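The values are calculated or read from the model by the stated rules, or taken from the named source; none is laboratory data. Because the structure is predicted, anything quoted here is derived from the model rather than measured. Every residue, glycine among them, receives a Cβ derived from its backbone with ideal geometry; neighbour counts consider all protein chains shown. Keep in mind that these areas ignore ligands, DNA and RNA; they rest on the heavy atoms of the full protein, side chains included. Shrake-Rupley method; radii C 1.70, N 1.55, O 1.52, S 1.80 Å.
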Amino acid sequence: MLIAAAALLLSSGASAYYHYVHFLISTGSYAPIPEKFDLTALSGKTVQYLISDNGPTKLAGNDSFTALVSQIRLATKAWNDVRSSDLRIAFGGFVPADTVQNGPAIDVIFDDDIPPGLIAYGGPTSLGSKFVTNGDETFAPIAHSMVRIHRDLSTFPSYGDDLYLSIVHEFGHALGLQHTLTSAVMSTSITRGTTKALPLGADDIAGVSVLYPTGAFLKNTAALSGRVMMNGAGVNLASVVAISATGPAISTLTNPDGSYALRGIPPGAGYYIYVHPLPPPLTVEITPANIVPPKDDSGQPIPASGAFDSQFYPGTRDPLQAAVLTLKPGDRMDTMDFAVNPRSAPGISSVTTYGYWGANAVHPGPLVEGSSGSTMVATGAGLLAAGGQAVAPGLSVSALGGTANYIDGTLSYYTGSYIEFGFAPGATDALGLRHLFFTTADDMYILPSAFLVVRNSPPSITSVTASDPDANGNPTAVVAGTNLDPAGRIFFEGVPARVLGQNAKDQSLSVAVPSAPGSFQANVTAINSDQQSSLSVETTPVTYTYAPAAAATATVHAPPLPAGSEAMIEIRGLNFIDGQVSVGFGSSDVLVRKVWVKDSTRLWLNVGVNSAAAAGDLPVTIASGLQTIYTQAALHVGLRVDGQLAIQPGLLNAVTGTASVWPGAIAIVNVAHLKASDPSVSLFVADQPATVYWWVDGQLAFQVPTSVTPGPAVLRLQTQQNASVPPVVIDIDQRPPVILAALNRSNVQISSLHPTTAGSTVVFAVTGLGDLSAISDASVLHFSIGGEDHVAVRIANQGKQAPFALIQVVLASDVQQGSQVPVTITWKGATSAAYYLSIGQ
């Protein structure tokens, strides 16, 4: 397999959610073989990103490398928050250029070897030597990926959307995603409709989840398949899109025989299905939409077929004649075929839209609900007549599905390459992104996420001032301004500040201030819950200056760790804030599995060392809020020791089969190289002896001492041959609640003889919730019913003395049906054993 340099080049064009793909055409197969990280070769299914310690040479005014790193961490969090993807991404710290690494990783480097006009580019840079087959999936394993960021960032401040979204985009490439024309983050700036508030579109989420699916992903989403044909032949790289007028757009590209499988569609109503060709290459592009074409057995590219007329299913350009689908979880529709007609080039392509707040151009353009309307401008191929001084003949524009109202007579030439037009909000239109539908006499074009329906004007910050510390002595600040949203977010550079409350008098927000170096000056921005940013109306953000303070230091308490080992490490320092700390050792061969903030001066880590790790000293990088501490030679990795015992982090509850254990529970732990023949084994949890019931090769069962306090605890193991095995940290949970029964509104127990139905109210009898009077809001109780989250609506016996709670839940209209639908409740981090509910038609 060859490394395609073109895979790294990004541009302003885009195409459907797509991966870097190979085909074994000589075998007659058109089953795509994607490039992806091999989860079975990644410890904890986690790939690390390692940031070069040689940073940018130029930064924008009032910007810093510290701020840039915080934005990189925020960008990777966007991908990490995709729970339907089984791949996790972890901060690996700063890495010196000469570090020897053997594990897969993503390197973030700063250099000028970037094509003109681009801020950054990224993608896979090396693959394994052969395809890998796991179960029914064959793929090309990514050995290494890279994200390159320009060294000169003087015109791209790190707090701005442009650089942040570009970094999110490049990490998508590094994970194995190509471009998209559905205006998701894997589009580039021409058609991208995502924002810092919601950086990933539904297409991005589907793309990474199809590549690295969790077990429930495909069951909880819908799929379409079919074939796109032109003059009797399959169309290669046609874009097939499922789009809802008020919801997401999901797409994929066809295979060389014209076949496609569009998976990962969120359930919902009002889906149109359409097909369109790739846009022509723009100035800096080398292929249509700058897609890397799929490769055949010999590594040769299979180019895209020619242009054709776009159309809705089943073969119309009129949305009123198009099929409109309602899709449910698990739906599979496999005859969605298209027959398209060739044309010389697409009629319209690569459209960008803008709106305005004052003199500031905003993308996507805002449309305020309940207003008289807004003017938008657009530019793109095919919008202007020949000569460029008038609107193209026959051009019209509308909101797909009638979600907003075109203002008659407003479509006109604006200036340069732009046209302008006006829209008024629909009578009942909700907040969110909406899609534009352009037509000409002989073609159609849809721009997903073209404008944004918003609540009112964007937030604006006028000042950020220090306030009194909170009860724990942590610093707080008051953010003053207009249209500040307590349900939104306040960012200090790339670190969100927890909103503590809103002042009823002046609507200012009180926030918890992230830790930062003394005298650091942080750029502060606001993002409201309707996705609008304070940067829409502010040329430069307001800043907050931290009080002078001594430089933070940290001490790593870690013994030398041989390759292949697992161990806990303690780090002592200052200003650690739970939820804001990441630690990395500058190598893909050492993975920090989890970080616990014991208190503001102490961290506990679980660390795993790759069995192939090279011996030597490694640095540590500790990122806490906006504090970054870098220490060289903090951890020594030694040679592998054959037969070395290693406790594997994580426990299995012997009764429930889950990972949750609590005081008194029987737990099973895996111990590498433990032998059944070992004459004696001793185990300690939080320095308290635990009863060991049995051990076999590689595994041991014990009882968690009943006196152990829930929370992180150190697990230590001793055998006769190994007086001391490196300890690890385990989580001890609260004892979970128990679901005793489920009743209908008539107080009849639900069973196979008396099943409930979708949309009905169910009353669950639950023990283990403690004092019911302390639960003031039933909505804090969450049930998983058939894998779908359900929020409690009422505690029927609230405030009464009872051995159990009676909790009312309304089943979703699309809830899973069957005689054995699993139900669990989670309370204070502890999840109950499954209770099985009968749900009929």
Please verify whether segment 496-509 includes one or more residues that are under 17 Å from Lys196 (Cβ atoms) and in contact with a helix residue (DSSP H, G or I) (Cβ under 9 Å, 6 or more places away or on another chain). yes
Could you say which residue among Thr628, Thr656 is surrounded by 15 or more Cβ atoms within 10 Å (Cβ to Cβ) and either over 30 Å from Phe491 (Cα atoms) or more than 35 Å from the chain's Cα centre (by Cα) (or both)? Thr656
Candidate set: segment 186-204, residues that are hydroxyl-bearing (Ser, Thr, Tyr) and surrounded by fewer than 24 Cβ atoms within 10 Å (Cβ to Cβ); chosen: the one nearest to Arg83 (Cα to Cα): Thr195
Given the conditions (1) at pLDDT 95 or above; (2) β-branched (Val, Ile, Thr); (3) under 23 Å from Leu59 (Cβ atoms), report the number of the one that Thr539 does not fulfil. (1)
Does segment 372-389 hold any residues that are more than 22 Å from Thr191 (Cα to Cα) and either exposed (fewer than 13 other Cβ atoms within 10 Å of the Cβ) or at pLDDT 95 or above (or both), and which are they? Ser372, Ala386, Gly387, Gln389
May I ask you to say which residue of Ala497, Ala450 is free of Cβ contacts under 8 Å to residues at least 40 places away in the same chain, open to solvent by less than 10 Å² (accessible area, probe 1.4 Å) and under 25 Å from the mean Cα position of the chain (by Cα)? Ala497
So, Asp63, is that one at pLDDT 95 or above, acidic (Asp, Glu) and part of a loop (DSSP other than H, G, I, E, B) or not? yes
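Yes or no, residue by residue, for (1) touching a residue at least 60 places away in the same chain (Cβ under 8 Å); (2) within 14 Å of Met333 (Cβ to Cβ); (3) of a type in the set (S, T, N, Q); (4) part of a loop (DSSP other than H, G, I, E, B):
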| position | (1), (2), (3), (4) |
| --- | --- |
| Val208 | yes, no, no, no |
| Asn220 | yes, no, yes, yes |
| Leu224 | yes, yes, no, no |
| Tyr272 | yes, yes, no, no |
Taking segment 764-820, which residues are more than 30 Å from Thr221 (Cα to Cα), touching a residue at least 12 places away in the same chain (Cβ under 8 Å) and open to solvent by 70 Å² or more (accessible area, probe 1.4 Å)? Ser773, Gln798, Lys800, Pro803, Phe804
Residue count for segment 409-440, restricted to those that are of a type in the set (D, E, K, R) and assigned to a strand (DSSP E or B): 2
Kindly establish whether Val95 is crowded, with 16+ Cβ neighbours inside 10 Å, under 28 Å from Gly61 (Cα atoms), at pLDDT 95 or above and not basic (Lys, Arg). no
Only one of Leu753, Leu740 is within 25 Å of Asp771 (Cα to Cα) and open to solvent by 60 Å² or more (accessible area, probe 1.4 Å). Can you tell me which? Leu740
Taking segment 108-134 and keeping only residues that are closer than 12 Å to Asp152 by Cβ and free of Cβ contacts under 8 Å to residues at least 24 places away in the same chain, one is left with none
Has segment 704-723 got at least one residue that is without any contact (Cβ under 8 Å) to a residue 60 or more places away in the chain, open to solvent by less than 70 Å² (accessible area, probe 1.4 Å) and polar (S, T, N, Q)? no
